[in-house]
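Enquirer: Here it is, the structure, as structure tokens.
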Amino acid sequence: GLKATGFFFFYKLKDKPVLVDPLGNLYFSLGVNGVGYTGDTYTKIKGRENVYEWLPEFTQNKHNPDYKFNPAYMNNNPDNFSFYVANRIRKNEQNFNKSNFYNESVTRLKKWGFTSEGGFSNTPSQTTVTFPQVGMLELPKHLITGASLYDVYRPGFEEETIETFKNQGLAQKANDPVIIGYFFGNELDYHQFKHIVPAKKASESATKKVLVDFLEKKYQNIQLFNAAWQTSYTTFGDLYETLVPLITEKAADDMLDFFEIYLDQFYKIVARAFRKLDANHLLLGDRYFTPIMNDEQLREK
């Protein structure tokens with residue numbers, strides 16, 4: 001009985017945020033990652049062929065009896081093989097394809113009480129079932145400043161993010177009512193932020209330059225900074241191209257404060273880039289992992 005917008009959206013019901021489906025019904029997403037024909041069941045066989053009792057011949061000859069097992073080789077690559085997929089082919093040799101594989105998976109998940117597919121799923125363009133889904137958006141990998149952290153202050157970061165989203169077909173899916181929304185980035189190394197950024201050179205990382213400018217604005221006097229961080233720099237300019245050691249609690253606190261500023265910049269840019277291509281779906285954020293969830297200070301930021 002809530003508003004039907006044609007897309008999933010968040011709504012405050014009696015001061016409690018709830019998720020609403022495109023038809024205006026309350027919705028709870030209980031999903032499974034990796035639904036469909038994915039690479040999770042494959043194993044590397046190259047150089048280990050002798051350890052298996054049986055392997056079909058990888059062949060392009062349609063008259064070869066083993067040709068039917070080609071889908072069990074990952075992406076037409078003879079180095080990786082899935083015995084699970086091979087058994088599925090044995091079971092349903094005439095109708096085995098990616099669409100039927102997905103349709104059967106979704107039918108089973110619905111029977112078990114799941115209401116959506118999670119990240120890293122492989123949804124075929126042609127299916128006979130509909131299942132709410134979340135998408136995964138890649139960010140421009142060449143703009144990483146260390147580990148999996150992005151140099152969000154680098155000139156052109158927003159434009160390159162838009163282009164990367166375009167190349168993933170974001171705009172073409174903007175009117176798809178089955179999509180709940182999108183995650184961007186997976187298990188980013190936020191727990192290493194305070195060590196990675198001070199160790200960079202400003203000539204290589206715009207984020208390092210912004211950090212130094214942040215510290216200069218905060219302390220103004222280099223001696224006050226040296227006392228807090230236990231360093232011996234002559235000017236703030238000396239910090240740009242050197243590894244700045246993080247050895248005091250005050251330094252760690254400063255990096256937490258800068259981390260919050262960094263996240264504001266990161267999320268604002270990604271949100272703007274996303275909305276230029278898709279005005280309808282939810283932007284679900286980046287996917288955290290254990291070190292972040294276990295760190296109360298990072299969670300609060």
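The values are calculated or read from the model by the stated rules, or taken from the named source; none is laboratory data. Just so it is clear, the model here is predicted, and its values are computed rather than measured. Note: ideal-geometry Cβ built from the backbone for every residue, glycine included; neighbour counts use all protein chains shown. For the accessible areas, the whole protein counts, side chains as well, though only heavy atoms, and no ligand, DNA or RNA atoms are used. Shrake-Rupley method; radii C 1.70, N 1.55, O 1.52, S 1.80 Å.
Enquirer: Any chance the range 4-17 includes a residue that's outside any loop (DSSP other than H, G, I, E, B), loosely packed, with under 15 Cβ neighbours inside 10 Å and touching a residue at least 24 places away in the same chain (Cβ under 8 Å)?
Expert: yes
Enquirer: Right, next: So the check is Cβ under 7 Å with 6+ separation or different chains; which pairs have a first residue in the range 41-53 that's closer than 15 Å to residue 72 by Cβ and open to solvent by 70 Å² or more (accessible area, probe 1.4 Å) and a second one that's assigned to a loop (DSSP other than H, G, I, E, B) and of a type in the set (A, V, I, L, M, F, W, C)?
Expert: 49/55
Enquirer: Just one of the numbered conditions (1) over 15 Å from residue 195 (Cα atoms); (2) loosely packed, with under 12 Cβ neighbours inside 10 Å is not true of residue 238; which one?
Expert: For residue 238, the exception is condition (2).
Enquirer: If the requirement is being touching a strand residue (DSSP E or B) at 6+ places or on another chain (Cβ under 7 Å) and without any contact (Cβ under 8 Å) to a residue 60 or more places away in the chain, which of these qualifies: 20, 32?
Expert: 20
Enquirer: Here are the criteria: (1) modelled with pLDDT of 95 or more; (2) open to solvent by 30 Å² or more (accessible area, probe 1.4 Å). Tell me which single one residue 165 does not satisfy.
Expert: Looking at each condition in turn, residue 165 falls short on (2).
Enquirer: Which one is modelled with the highest pLDDT among residues in the range 71-111 that are farther than 24 Å from residue 55 by Cβ and small (Gly, Ala, Ser)?
Expert: Result: 105.
Enquirer: So, of the residues in the range 261-301 that are modelled with pLDDT under 95 and part of a loop (DSSP other than H, G, I, E, B), which turns out to be most open to solvent (accessible area, probe 1.4 Å)?
Expert: 294
Enquirer: Which of the residues belonging to the range 54-97 are of a type in the set (D, E, K, R), in a helix (DSSP H, G or I) and either under 30 Å from the mean Cα position of the chain (by Cα) or surrounded by 14 or more Cβ atoms within 10 Å (Cβ to Cβ) (or both)?
Expert: 68, 88
Enquirer: Within the range 133-150, is even one residue at pLDDT below 95, on the phi < 0 side of the Ramachandran plot, open to solvent by 90 Å² or more (accessible area, probe 1.4 Å) and not in a loop (DSSP other than H, G, I, E, B)?
Expert: yes
Enquirer: If residue 194 meets every condition in (1) touching a Leu at 6+ places or on another chain (Cβ under 9 Å); (2) not in a helix (DSSP H, G or I) apart from one, which number is that one?
Expert: In the conditions (1) touching a Leu at 6+ places or on another chain (Cβ under 9 Å); (2) not in a helix (DSSP H, G or I), residue 194 misses (2) alone.
Enquirer: In this structure, is residue 258 buried (at least 16 other Cβ atoms within 10 Å of the Cβ) and in contact (Cβ under 8 Å) with a residue 12 or more places away in the chain?
Expert: Values: buried (at least 16 other Cβ atoms within 10 Å of the Cβ): yes; in contact (Cβ under 8 Å) with a residue 12 or more places away in the chain: yes.
When the stated conditions are applied, residue 258 passes them.
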